[in-house]
Amino acid sequence: MALEEFKFDLLLNSPAFVNDVARGKKQIPIVGRPRPKEVDHYPIDLQGIRVPTLRGILEFWHRSLLGHLSDPDAIYAQQARIFGSTEGGQGLTLRPAGKPSMTEPGELRFDIDTQALLYLGYGPLQLLKIEAGNGTKNILTSHNAEHAKDAIRIDGGERPRFSFVARGGKTQIDALRRALILLHLFGGVGSRSRRGWGSVEVAEDLIPPPEENVAAWIRSTLGSVWKPEQPVTKGLPRFSAFSSQARIYVTRIHEGDYRGPLLEFHRHFSRVRSYPSAQQAKIDHQIEVKDAQNLTASGQTIQDVPRRLAFGMPYQPGHRGRWGIEYRGRPRGGSSSDDEVTRRASPVILKVLRLSETQHVGVALFLKSSFFGEAGLEVTAKGARNTLPLPGYQAVAEFFSHPGWTRVPLP
């Protein structure tokens, strides 16, 4: 089989949290403490985007085109033909092409819109109280009282760039091109990438430049790699994949940097998930409190399931030590915790798409699928003895039910 080489560059549209393991300590000044607090320091990996990380991302987008398959063995066989396996041998190879080009990684800090960006970046980002004039104020930072996590920053000028070379057969390179197009349209790298951080641009001629009508451009570009007439066997895909029930939306075009789309993402989340202003959030809150109370009673059961669970797990609502609950998945009717599912990535993937140096737009992809991926799995809670069906994707539908979104027709 003749092998081909394919070179491509990845650029970042928004800051990325691609951290190495903890190395050393950082001193963090905290209001009210006589001396700075020492916390673990998580630097950025010197490679920026490691090949194993990139390979995993590309495998996800390649697999997203296989939603018409229901047999796990068939899906695995298709994936192995492209990326290799222990049984099938060498697949597509990837290697860095030179050193990454990026400004000095370091602290990510915001003085404005802290609550909105905290919601989208919670984990890597936390609030920190600092001295300000004659008082104090909260800032949002990746160097805080719990950890010091560096970020690959977007500081203007040249954006961070990472170059790679792929080598493989024609079928493998063609599959790589399709995965890269999907990554360009919808994906990112690092922690919180499904909330718009680490949004990636693929610098390669295989992707046509954005057009003024962003929705039409996304539709035609997606149409070059996916045809929705492929039938989905037995209803929804069992995993996050394109199907006739996938949905794509875009925000308005924002003048300025990447923060415009991120702040708009948060506004849409607030309509659905912000307690107590959002009606659905108030209903969910009542369900969560009642379920938590039932768990402490002799019945040890849950009575309902919050709709917001549809945005993924872990989902552990609570209030300042007064009450708390952790929702999980478990085989229907089962009482054992051995087979419980505690994680389910959000089916909604958010992306900051760069149109020009001063224009950005938000893209949302909803890959509707079987929530747990297996028949018979239902929702329970830690310590509960019963299970209940997932209430569906009502909360996700409400998230997109707003004139601020423009629907992108499927190809």
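Please treat every number below as a calculation from the coordinates, not as lab data. All figures in this text were calculated on a predicted structure; none of them were measured in a lab. Note that each Cβ is placed from the backbone with ideal geometry, even for glycine, and that neighbours are counted across all protein chains shown.
Is the range 165-211 rounded, prolate or oblate when judged by the Cα gyration tensor, a ≥ b ≥ c being the square roots of its eigenvalues, rounded requiring a/c under 1.5 and prolate requiring a/b larger than b/c? Display every interim value, and only then the final one.
Working: a/c = 2.69, a/b = 1.54, b/c = 1.75.
Verdict is oblate for the range 165-211.
Comparing P276, P314, P100 in a Gaussian network model of the chain (Cα springs below 10 Å), the most mobile by mean-square fluctuation is P276. Averaging 1/r over each pair of different alpha-carbon atoms in the range 6-48 and inverting the result gives 13.2 Å, the Kirkwood hydrodynamic radius. With a/c under 1.5 counting as rounded, go ahead and sort the range 212-294 into rounded, prolate or oblate using the C-alpha gyration tensor (a ≥ b ≥ c being the square roots of the eigenvalues; past the cut-off, prolate if a/b is larger than b/c, else oblate). Taking the square roots of the gyration eigenvalues as a ≥ b ≥ c, the range 212-294 is oblate.
For the peptides 200-206, 69-75, the ranking by mean Cβ contacts within 10 Å, running from highest to lowest, is 200-206, 69-75. Packing here is the average count of other Cβ atoms within 10 Å per residue, and on that basis the peptides 142-148, 207-213, 114-120, highest first, run 142-148, 114-120, 207-213. Only lysines eight or more places from K351 in sequence, or on another chain, were considered; those with a Cα closer than 21 Å are K368. The spread of Cα positions in the range 259-408, taken along each principal axis and listed from longest to shortest, comes to 58, 33, 22 Å.
Packing-wise, with mean Cβ within 10 Å as the measure, how do 219-226, 15-22 rank, highest first?
15-22, 219-226
What number in nm² do you get for the chain if you take the convex hull of its Cα atoms and divide its surface by four?
22.8 nm²
Lysine pair count for the range 14-143 with Cα-Cα distance under 23 Å and sequence separation of 8 or more or different chains is 8.
Straight-line reach from K149: which aspartates and glutamates have Cα under 12 Å away, leaving out those fewer than 8 places along the same chain? Within the straight-line limit of under 12 Å, K149 reaches these aspartates and glutamates: D20, D40, D45, E107. Dividing the helix sum by the residues of the chain, where each DSSP H run of 4 or more adds -39500 (n - 2.57), gives a mean residue ellipticity at 222 nm of -7500 deg cm²/dmol.
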